[in-house]
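What follows is a set of notes on a single structure, which appears directly below.
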Amino acid sequence: MRKLTMSIVLIAAVALLPATALGKGGNPGVIKRGKCSNGAAWKLKGKNDDGLIEVEFEVDQNVNGRRWNVVLKRNGVTVFRSVRVTRAPSGSFSVNRRIRGTAGADRISAVATTAGGRCAASLSV
């Protein structure tokens, strides 16, 4: 009887595993973190979603009002270029983009530069 009970519990746990493993957020994608040359911190996230790649690039410098030149590339080709300014309360900025993916793996790179600082990040999705 004990073996039967354990078997039923094990089967139920395995059956429920995918639902609990995915949870509400589903696939979290790839997340990388690092330091910039001026002590700021960066975070780059990439996630495949219906043929697109959700990209989030964040730089946290803890200084408000600093202008950064930002470039995002997919497989070496520029897909986004702009200026971002760090804002209160955290002295950070973020760039969120949905870009087209290719049939295979994609290499996403992000570079942000400011006077006296450079952040460079990359990941594969």
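Below are the figures for this structure:
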item	result
Where a residue in the stretch 42-60 is touching a residue at least 60 places away in the same chain (Cβ under 8 Å) and among the β-branched types (Val, Ile, Thr) and its partner, wherever it lies, is in a strand (DSSP E or B) and open to solvent by 40 Å² or more (accessible area, probe 1.4 Å), with Cβ under 8 Å and at least six apart	ILE53/LYS47; ILE53/ARG74; ILE53/ARG98; ILE53/ARG100; VAL59/ARG84; VAL59/SER94
Single residue of the stretch 40-50 satisfying the filter (assigned to a strand (DSSP E or B) and surrounded by 15 or more Cβ atoms within 10 Å (Cβ to Cβ)) that is farthest from the chain's Cα centre (by Cα)	ALA41
Failed condition for GLY65, given (1) more than 18 Å from LYS35 (Cα to Cα); (2) assigned to a strand (DSSP E or B)	(2)
Single condition GLY101 does not satisfy, out of (1) under 15 Å from ARG118 (Cβ atoms); (2) surrounded by 17 or more Cβ atoms within 10 Å (Cβ to Cβ)	(1)
Answer residue from the stretch 51-79, given it is within 17 Å of SER124 (Cα to Cα) and of a type in the set (Lys, Arg) and is most open to solvent (accessible area, probe 1.4 Å) among those	LYS73
Enumeration of residues in the stretch 98-120 that are over 10 Å from GLY46 (Cβ atoms) and part of a strand (DSSP E or B)	ARG98, ARG100, SER109, VAL111, ALA112, THR113, THR114, GLY117, ARG118, CYS119, ALA120
Filter result for the condition that a residue is closer than 17 Å to GLY117 by Cα, outside any strand (DSSP E or B) and open to solvent by 30 Å² or more (accessible area, probe 1.4 Å), over SER82, SER37	SER37
PHE93 being more than 21 Å from ASP49 (Cβ to Cβ) and open to solvent by less than 70 Å² (accessible area, probe 1.4 Å)	yes
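The values are calculated or read from the model by the stated rules, or taken from the named source; none is laboratory data. Not measured: the values here are computed from a predicted model. All Cβ positions, glycine included, derive from the backbone under ideal geometry; neighbour counts span all protein chains shown. With ligands, DNA and RNA removed, areas are computed over all heavy atoms of the protein, side chains included. Shrake-Rupley method; radii C 1.70, N 1.55, O 1.52, S 1.80 Å.
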